[in-house]
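Below is one structure; the comments refer to it alone.
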Amino acid sequence: MSGDLDQTQAPFLDALRDYHARDRYGFSPPGHRQGRGVDADTLAVLGKDPFRADVLASGGLDDRRSSNGYLTTAESLMAEAVGADTVFFSTCGSSLSVKAAMLAVAGVEGGILVSRDAHKSVTAGLVFSGLQPYWVEPRLDRDQGISHPPSPADYAAVWDEHPDAAAALVVSPTPYGTCADIAGIAAVCHERGKPLIVDEAWGAHLPFSEQLPSWAMDAGADVCVTSVHKMGLGFEQGSVLHLRGDLVDHDHLWACADMLMTTSPNVLVYAGMDGWRRHMMRDGAGLIAQTIALAEQTRQRIEAIDGIHVLHDELLGAEASHQLDPMRMLLDVEALGITGYQAHDWVREHHRLDLGLSDHRHLGIDVSLADDDFTTDRLVHALRSLAVAAPDLPQTPPVRIPEPSGLLLESVMTPRDAFFGAVELVPADQAAGRIAAEQATPYPPGIPAYVPGERLTAEVIDYLRSGLDAGMVMPDPTDGSLGVIRVVQETS
């Protein structure tokens, strides 16, 4: 990962330091003027430093022509560090980056192969673009009620059915920490001269250690999106869009991203990504090795708690999951007699710890480079207390998860046509057989149970309504309680 650039530099971060050292001041946005105008009550909570770092990127930190090239240099350093040809920084999260990638590779006509366990941002990309999704079904674990990535053979089968599709998209790692065989899927795409997009939002750390699963760029992906705030050490909304090879027009992708992203990017987010890259190039391999060891030790301690099982072998082998991220773990709490939703809420209330994913029987734990013995001791203590308290927690209604075939819905219309067409609200118990005009996404992990254009089934509606009764959160339907569902109007 060494090249002609000086990886000890962090040009954007250093420019922010120099901005303050030169005592610059602007009669331009942002109006708080580096915190001068912020009220005392707000400063008492936030402090002044976030406001001091909130300056204009162009016409402030850099001149109005951006002639110092702080951002472009920071992006070039990141590209060299991770082995990409080009990268673009986004302050609007990987959700924007995924949409830009879809628009760039597929335009607004035709189709794209998409793994059905894709994030809700992919649905938004389908609505914006008008593309027809050709779903590649994930491997569903009937026992655990979770999905694993599709295999290369699964992608090949859908390519054979839809050879004119523009590109393919896969999610890896998944919210559950499982990783697809990206090299195999990329080979299937490249045999057909088509690009592969990898939504690797959970994989910002992967390029910096050989102890971690394969990094998408190394595995042959053409476009890869990462969220630095997830498994990295950057701020929320920090995302990097990576490109490699000649199957995607880099300039066109940049133009697509530019049209979607804000014209007022947050300098704090840019500087955080710049500093993270330098930190990883200098210390990343060693820090990751320490964190993997800490995660393994924590995994063993949690596995020793009666009623809690840390999944590992169950996530590999028979399914298409190719590798696991050793810094992440998935806990099965079903033997405690409670749901993952209850476990999540109890740990937050009684031990002031916020965990990651939760569902009908699982908790997701992400061990970060920032964690240590103190933080993991808090976690283990909280989970031990949970196991003691679980028998006295109230029983919740079961989540009625359909058989895998019942979760697979028929795609009838393009998501855009369904979303923007004539719609109506119907009672949920009358919605089976109707075409959805909205998406419903249990969150986390953010994988839609149905998307616009799919024909609803009684099984999926019953699953979601039972999930809501058990504690599921679903932020995107018009009616969050799913009493009514937004569907396409039927023509007489």
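The values are calculated or read from the model by the stated rules, or taken from the named source; none is laboratory data. Only a predicted model underlies this, so the values are computations on that prediction, with no experimental measurement involved. Every residue, glycine among them, receives a Cβ derived from its backbone with ideal geometry; neighbour counts consider all protein chains shown.
Observations on the model:
- When P173 is tested against the conditions (1) crowded, with 20+ Cβ neighbours inside 10 Å; (2) out of contact with any Asp or Glu (no Cβ under 6 Å at 6 or more places or on another chain), the lone failure is (2).
- Within the set E334, E303, E314, the sole residue that is modelled with pLDDT of 90 or more and over 18 Å from H381 (Cβ atoms) turns out to be E334.
- Filter pass, R64 being in a loop (DSSP other than H, G, I, E, B) and not aliphatic (A, V, I, L, M): yes
- Positions within region 361-386 being among the hydrophobic types (A, V, I, L, M, F, W, C) and either free of Cβ contacts under 8 Å to residues at least 40 places away in the same chain or crowded, with 18+ Cβ neighbours inside 10 Å (or both), in sequence order: L363, I365, V367, L369, F374, L379, A382, L383, L386
- Restricting region 387-408 to residues that are free of Cβ contacts under 8 Å to residues at least 60 places away in the same chain and of a type in the set (A, V, I, L, M), the residue that is nearest to A458 (Cα to Cα): L393
- In region 82-114, residue modelled with the lowest pLDDT [restricted to those that are of a type in the set (A, V, I, L, M) and outside any helix (DSSP H, G or I)]: V108
- No other residue among A168, A201, A180 is surrounded by 23 or more Cβ atoms within 10 Å (Cβ to Cβ) and at pLDDT 95 or above apart from A168.
- Being touching a helix residue (DSSP H, G or I) at 6+ places or on another chain (Cβ under 8 Å) and either at pLDDT 90 or above or part of a helix (DSSP H, G or I) (or both) is a description that does not apply to A79.
- Restricting region 115-161 to residues that are assigned to a loop (DSSP other than H, G, I, E, B) and of a type in the set (A, V, I, L, M, F, W, C) leaves a set whose member that is nearest to the chain's Cα centre (by Cα) is A118.
- Residues being of a type in the set (S, T, N, Q) and part of a strand (DSSP E or B) - total across region 410-458: 1
- Within region 261-317, the set of residues being among the aliphatic types (A, V, I, L, M), within 24 Å of L331 (Cβ to Cβ) and touching a strand residue (DSSP E or B) at 6+ places or on another chain (Cβ under 8 Å) comprises A295, I302, I308, V310, L311, L315, L316.
- Among the residues of region 189-218, those that are charged (D, E, K, R) and either part of a loop (DSSP other than H, G, I, E, B) or out of contact with any Phe, Trp or Tyr (no Cβ under 9 Å at 6 or more places or on another chain) (or both) comprise R192, K194, D199, E200, E210, D218.
- Any chance D63 is surrounded by fewer than 16 Cβ atoms within 10 Å (Cβ to Cβ) and either under 28 Å from D283 (Cβ atoms) or not assigned by TED's automatic domain parsing to the domain that holds D218 (or both): no
- In region 229-240, of all residues being modelled with pLDDT under 95 and among the hydrophobic types (A, V, I, L, M, F, W, C), the one that is farthest from V269 (Cα to Cα) corresponds to M231.
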